[in-house]
1. Looking only at segment 46-53, decide whether some residue is more than 30 Å from GLY134 (Cα to Cα), of a type in the set (Asp, Glu) and either in contact (Cβ under 8 Å) with a residue 60 or more places away in the chain or surrounded by 12 or more Cβ atoms within 10 Å (Cβ to Cβ) (or both).
2. Quick check: anything in segment 65-72 surrounded by 14 or more Cβ atoms within 10 Å (Cβ to Cβ) and in a loop (DSSP other than H, G, I, E, B)?
3. Being free of Cβ contacts under 8 Å to residues at least 60 places away in the same chain and of a type in the set (Lys, Arg) is the filter; apply it to segment 183-233 and report the residue that is farthest from SER27 (Cα to Cα).
4. Among the residues of segment 148-167, are any within 22 Å of SER226 (Cα to Cα), at pLDDT 90 or above, in contact with a helix residue (DSSP H, G or I) (Cβ under 6 Å, 6 or more places away or on another chain) and not β-branched (Val, Ile, Thr)?
5. Which members of segment 35-67 meet the condition of being of a type outside the set (Lys, Arg), closer than 26 Å to LEU176 by Cα and out of contact with any helix residue (DSSP H, G or I) (no Cβ under 7 Å at 6 or more places or on another chain)?
6. Please go through segment 189-204 and pick out each residue that is touching a strand residue (DSSP E or B) at 6+ places or on another chain (Cβ under 6 Å) and either within 17 Å of SER226 (Cα to Cα) or not in a helix (DSSP H, G or I) (or both).
7. Across segment 107-154, what is the total count of residues that are of a type in the set (A, V, I, L, M) and over 16 Å from LEU172 (Cα atoms)?
8. Quick test for you: out of LEU9, LEU39, LEU83, pick the one residue that is surrounded by fewer than 16 Cβ atoms within 10 Å (Cβ to Cβ) and in contact (Cβ under 8 Å) with a residue 40 or more places away in the chain.
Amino acid sequence: MGSEIVKALKSVSFSVEEGEFVTIMGSSGSGKTTLLNILGCLDKPTIGDYILDGVNIKKLSRNELARLRNEKIGFVFQAYNLLARTSARENVELPLLYNSSVSTKERHERSLKALESVKLENRLDHLPNQLSGGQQQRVAIARALVNEPVMILADEATGNLDSRTSYEIMALMQELNQKQGKTIVFVTHEPDIAAFSSRTITLKDGKVIKDTKNENVKSAKEVLMSLPNNDDY
């Protein structure tokens, strides 16, 4: 910033193992966004290393980074980032269009499987404006799954949703983690959301101030079922 150097992250070091469900917490300005950009291979660290599935991203070119992102990471955003005039199925197929080794038939099959995994197989042809906020986020999660990534990276993925829908999305995340073994890194500022993960890393002023295992992981499905006037999940 002009002549002043601002270090967004300072001596941050941790590992995420295959099959973990980790939340990253911290107030605004704590370094969450910069860390997220590094984990998502959007930025490179100025010092130190980030190794994703055995690959050191520091050594990769911009094109190699883009390929790694597409093959290894599934992104889920707070604002869904769906194409407005495109059906749920076509939104999910989008990452596969950049993979020349995937045929049209396989693309259709994989998008259907991804939408089935988020319980939206009956909404294939719906446009985003024909879906609720929770359903749009499910489409975004299906899109993140379609390339069979090694890690799902979620950025405040419940931030635009009401409590009930947030718990539905977290129940889905827990199911993907527990039943399918998906590795999930979920950035949030909400402690009640972090309680659904097995480990929480807390940032403050660019440093990791806490890295704790959650001994009593809450079940989002049970919380959902306990809400009054609950519809069948």
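1. Yes: segment 46-53 contains one or more residues that are more than 30 Å from GLY134 (Cα to Cα), of a type in the set (Asp, Glu) and either in contact (Cβ under 8 Å) with a residue 60 or more places away in the chain or surrounded by 12 or more Cβ atoms within 10 Å (Cβ to Cβ) (or both).
2. Checked segment 65-72: no residue is surrounded by 14 or more Cβ atoms within 10 Å (Cβ to Cβ) and in a loop (DSSP other than H, G, I, E, B).
3. LYS221
4. Yes, the conditions are met somewhere in segment 148-167.
5. Once the filter is applied, which keeps residues that are of a type outside the set (Lys, Arg), closer than 26 Å to LEU176 by Cα and out of contact with any helix residue (DSSP H, G or I) (no Cβ under 7 Å at 6 or more places or on another chain), segment 35-67 yields LEU35, LEU36, ASN37, ILE38, LEU39, LEU42, ILE51, GLY54, ALA66.
6. SER197, SER198, ARG199, THR200, ILE201, THR202
7. 5
8. Exactly one of LEU9, LEU39, LEU83 is surrounded by fewer than 16 Cβ atoms within 10 Å (Cβ to Cβ) and in contact (Cβ under 8 Å) with a residue 40 or more places away in the chain, namely LEU83.
The values are calculated or read from the model by the stated rules, or taken from the named source; none is laboratory data. The shown structure was predicted, so the numbers you read here are calculated from the model rather than taken from an experiment. Every residue, glycine among them, receives a Cβ derived from its backbone with ideal geometry; neighbour counts consider all protein chains shown.
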